[in-house]
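Encoded as structure tokens, the structure appears first; notes follow it.
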Amino acid sequence: MKRDIPLPSVSVLRCFEAAAKHQSFTAAAEELGLTQSGVSRQVKELEDQIGAALFRREGRGIRLTQAGRSLGDSLASDLTRLRATISQAVAAGSTQEMLTIGVLPAFGERWLVPRLGEFKARRQNLDLMLYSRSEPFDIAEQGVDVAIHFGANDWPGAKLTPLCPEDLIVAAAPALIEEHRVSSREDIFRMPLLHLTTRPHLWSVFRKSVPGSEERAQIGSYFDQFPLIISAAVNGMGAAILPTYLVEAEITSGALKQLAPVKDGSGHNYYVATPAGKLSPAASDFVNWIKTQVSRRVPRP
């Protein structure tokens, strides 16, 4: 008879889930509000408990091992299901209605949460539960009422309502623009370039739209999260290609200056994802509200 393996603590599992999602201890620490060493220590505790390496070092980064990938694929869904179960139990014991929202991390932090107060004011008897999710999941099974999706019009088991395309711009700090005497699209390439590792093609796409510019090696600084690359741009490290919705505040305040639009050509859009079937009144109200909010966003350049 096999002995039961003691379950790791939820905090250990959350650290591994975040590190697996970002393939970065630093990004996981930022998401969870912990130190990088704290995340690394808890992942090591999990590795010791199960007797297998979950990550391997690659240069300055980390990559999941086969064991780590297998655990990560299952754990993300399991934890989301656990959170949904707990939130449903809490809601069942409360007179308040609950709306569960799955949201892209950067979209949630920089666009949705600053606006949620307006929606909450309209539905004061409604409690909100937000989950950070980067990839499609079984929206009905995991008890999520509504989610934000970016990509193709393809999410099995979910109904997708179009919100808007993604507007991308080249942006940089005014002092950096002045330092490199940038006055045209061609001049942009005088500045250091900041790259997002999840979208390494963007500078090549933009370069093709600038007549006479020569293709160069993708030199510059690389970042795996939008908040990091935005901070780098604001602090004058280089020019970055960013979605307008993420830098509305920086553009308005003058911390960043918009230099040129970028046409990605991927055809990807933002969608509201909901379970198939009739929506609850709260979910329907949220979908209508967010569509109105998106229509007020910063206009295209």
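Each value in this text was obtained by applying a stated rule to the coordinates, not by laboratory testing. Small disclaimer: the values here were computed from a predicted structure and weren't measured. Please note: Cβ atoms are built from the backbone with ideal geometry, for glycine as well, and neighbour counts cover all protein chains shown.
Going by the alpha-carbon gyration tensor, a ≥ b ≥ c the square roots of its eigenvalues, is the chain rounded (a/c under 1.5) or, if a/c is not under 1.5, prolate (a/b greater than b/c) versus oblate?
Oblate is the answer for the chain, as a/c is 1.5 or above yet b/c matches or exceeds a/b.
Amide H neighbours of LYS159 under 5 Å, at least 5 residues apart or on other chains, H built in the peptide plane: list them.
Correct list: THR274, ALA276.
Going 7 Å from the Cα of TYR222 in the Cα-to-Cβ direction, what parts of region 43-65 have a backbone nitrogen less than 14 Å from that spot?
Hits in region 43-65 for TYR222 at 14 Å: 58-63.
Name all residues of region 219-233 having a backbone nitrogen under 17 Å from the label point set 7 Å from the Cα of HIS268 along its Cα→Cβ direction, giving them as ranges.
Answer for region 219-233: 223-230.
Please figure out what share of the DSSP beta bridges in the chain is antiparallel and state it in percent, rounded to the nearest 5.
65
So what are the ³J(HN,Hα) numbers for region 255-263, from phi and the Karplus equation (6.51, -1.76, 1.60; θ = phi - 60°), rounded to whole Hz, Gly and Pro as x?
In residue order, the calculated couplings are 5, 10, 10, 6, 10, 6, x, 10, 9 Hz.
Could you name the lysines in cross-link range of LYS278, using Cα to Cα under 16 Å and dropping any fewer than eight places away on the same chain?
Counting by Cα, and skipping residues close in sequence, LYS278 has these lysines nearby: LYS159.
I'd like the distance separating the alpha-carbon centroids of region 141-156 and region 49-63, in whole Å.
Cα centroid to Cα centroid, the span is 30 Å.
What residues qualify as long-range amide H neighbours of LEU130, i.e. H under 5 Å apart, gap of 5 or more or another chain, H built at 1.01 Å from N?
Under 5 Å from the amide H of LEU130 lie the amide H atoms of ILE101, each far enough along the sequence or on another chain.
Quick one: go through region 140-178 and flag any residue whose amide nitrogen is under 12 Å from the point 7 Å out along the Cα-to-Cβ line of SER77.
The answer is 140-142.
Output the DSSP H helices from the chain with an along-axis C-alpha extent of no less than 20 Å and a mean Kyte-Doolittle hydropathy no less than -1.0.
36-50, 66-92, 281-295
What lysines could a cross-link reach from LYS263, if we take a straight Cα to Cα line under 19 Å and drop same-chain neighbours fewer than 8 places away?
Counting by Cα, and skipping residues close in sequence, LYS263 has these lysines nearby: LYS208.
Gain in length, THR65 to VAL10, computed as 0.36 nm per residue apart minus the alpha-carbon separation, to one decimal in nm?
Here the answer is 17.7 nm.
At a 10 angstrom cut-off on C-beta neighbours, averaged per residue, how do the peptides 120-129, 65-74 rank from highest to lowest?
65-74, 120-129
Hey, which lysines would be in cross-link range of LYS44, C-alpha to C-alpha under 19 Å, not counting anything within fewer than 8 residues on its own chain?
Hits, sequence-local ones excluded: LYS21.
Between ALA255 and SER280, what length comes free when the chain is fully extended (0.36 nm per residue of separation minus the Cα-Cα distance, one decimal in nm)?
4.9 nm
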